[in-house]
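Some notes on the structure that comes next.
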Amino acid sequence: MSRKIESGTSYPKNAGLAIVAVAIATVSAVAAAEVQNIDDESAAQRSSESLHFSTGGRANNRDPEKATLSVDQYDVLTKEGNRSKLVAKPSGRESQVGISQSISSDFWIYDADVELFSDDDGDGYYYGIDLLFDADTIYGSADVYAAVYLSYEGGPWNEYAVTEDFTIFDNSGGDEYVLVTELMSGYPTGEYDLLIELFDAYDGAFVASLGPEDTFELAYLRLEDFERDAPDVEQRVIVTHGGGGAVGIWMLLALFAGRRLTTRGA
């Protein structure tokens with residue numbers, strides 16, 4: 001989900017208090033409307049934005065130019081039902097007919113690490129997921145891709161991103177893949193588990209997985225989407241009364257400006 005505010009608008013220097021009053025009223029109304037519409041939006045669609053770093057591990061995270069960007073949209077989050085490791089064919093991918101969907105001993109996911117980021121309202125629930133994982137193989141090299149899923153409060157797995165094809169080298173630790181995601185809409189506040197499924201890029205065969213039963217790193221992640229991570233609007237308004245009464249109007253407008261995915265801040 002993206003929002004845009006056109007630039008280039010100018011305001012008289014002495015319009016201070018009038019602008020603040022109008023801006024606060026407008027922003028408050030928009031905020032109230034958005035809060036009311038959260039459930040309607042999440043019932044229709046989930047959306048997220050991800051930066052994909054196929055090489056270099058987290059050393060690349062502060063340089064988006066070394067990443068590819070994906071914007072993903074899915075149906076409503078499934079909350080009820082059983083969950084199993086092999087979920088389904090990842091979106092946009094096709095598995096070769098007749099390929100066994102049992103885990104292969106030729107591939108494995110050695111480990112994974114998750115760092116959560118972006119909690120603007122300070123409630124302890126985040127809308128950013130920085131996932132790093134290291135896949136290995138018995139071969140000198142192999143091309144693979146991964147699908148990643150979230151489970152809300154122990155419910156079924158819901159895909160939230162699919163990686164690009166990337167190359168792994170035997171049991172090297174230098175081929176870690178990093179997926180940095182912002183959950184934009186459709187993810188209610190709660191505790192989530194995370195599952196990684198690995199596929200052979202050659203024929204789409206399912207070859208390995210790593211989930212919360214394998215490592216605590218992928219369990220009990222406190223998450224919510226960006227739409228639900230909404231600080232009190234009035235507490236974030238900044239007004240300056242110096243000189244000719246200039247006001248922080250652009251600070252007000254920035255509350256609803258378009259957001260692009262960024263990596264963890266310093």
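Structure data summary
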| quantity | calculated |
| --- | --- |
| Exclusive hit being at pLDDT 95 or above and among the β-branched types (Val, Ile, Thr), set Ile196, Ile249 | Ile196 |
| Positions within region 129-147 being touching a Gly at 6+ places or on another chain (Cβ under 7 Å) and touching a residue at least 60 places away in the same chain (Cβ under 8 Å), in sequence order | Leu132 |
| Scan of region 145-160 for residues that are buried (at least 22 other Cβ atoms within 10 Å of the Cβ), farther than 13 Å from Pro212 by Cα and either of a type in the set (Ser, Thr, Tyr) or in contact with a Leu (Cβ under 6 Å, 6 or more places away or on another chain) (or both), ordered by number | Ala146, Asn158, Tyr160 |
| Residue under evaluation Glu213, criteria (1) surrounded by fewer than 16 Cβ atoms within 10 Å (Cβ to Cβ); (2) over 19 Å from the mean Cα position of the chain (by Cα); (3) in contact (Cβ under 8 Å) with a residue 24 or more places away in the chain, criterion not met | (3) |
| Filtered residue count, region 81-128, keeping only those that are at pLDDT 75 or above, farther than 30 Å from Phe226 by Cβ and not in a strand (DSSP E or B) | 2 |
| Residue within region 212-223 that is small (Gly, Ala, Ser) and assigned to a strand (DSSP E or B) present | no |
| For Ala266: the one exception among (1) out of contact with any Lys or Arg (no Cβ under 7 Å at 6 or more places or on another chain); (2) modelled with pLDDT of 50 or more; (3) more than 30 Å from Thr137 (Cα to Cα); (4) assigned to a loop (DSSP other than H, G, I, E, B) | (2) |
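Quick grid of which residues meet (1) part of a loop (DSSP other than H, G, I, E, B); (2) among the β-branched types (Val, Ile, Thr); (3) surrounded by 22 or more Cβ atoms within 10 Å (Cβ to Cβ):
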{"site": "Thr167", "(1), (2), (3)": "no, yes, no"}
{"site": "Gly174", "(1), (2), (3)": "yes, no, no"}
{"site": "Met184", "(1), (2), (3)": "no, no, yes"}
{"site": "Tyr187", "(1), (2), (3)": "yes, no, yes"}
{"site": "Tyr192", "(1), (2), (3)": "no, no, yes"}
{"site": "Phe199", "(1), (2), (3)": "no, no, yes"}
{"site": "Gly204", "(1), (2), (3)": "yes, no, no"}
{"site": "Val207", "(1), (2), (3)": "no, yes, yes"}
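The values are calculated or read from the model by the stated rules, or taken from the named source; none is laboratory data. Bear in mind that the values here come from a model prediction, so they are computed numbers and not experimental data. Methodologically, a virtual Cβ is constructed for each residue, glycine included, from the backbone with ideal geometry; neighbour enumeration extends over all protein chains shown.
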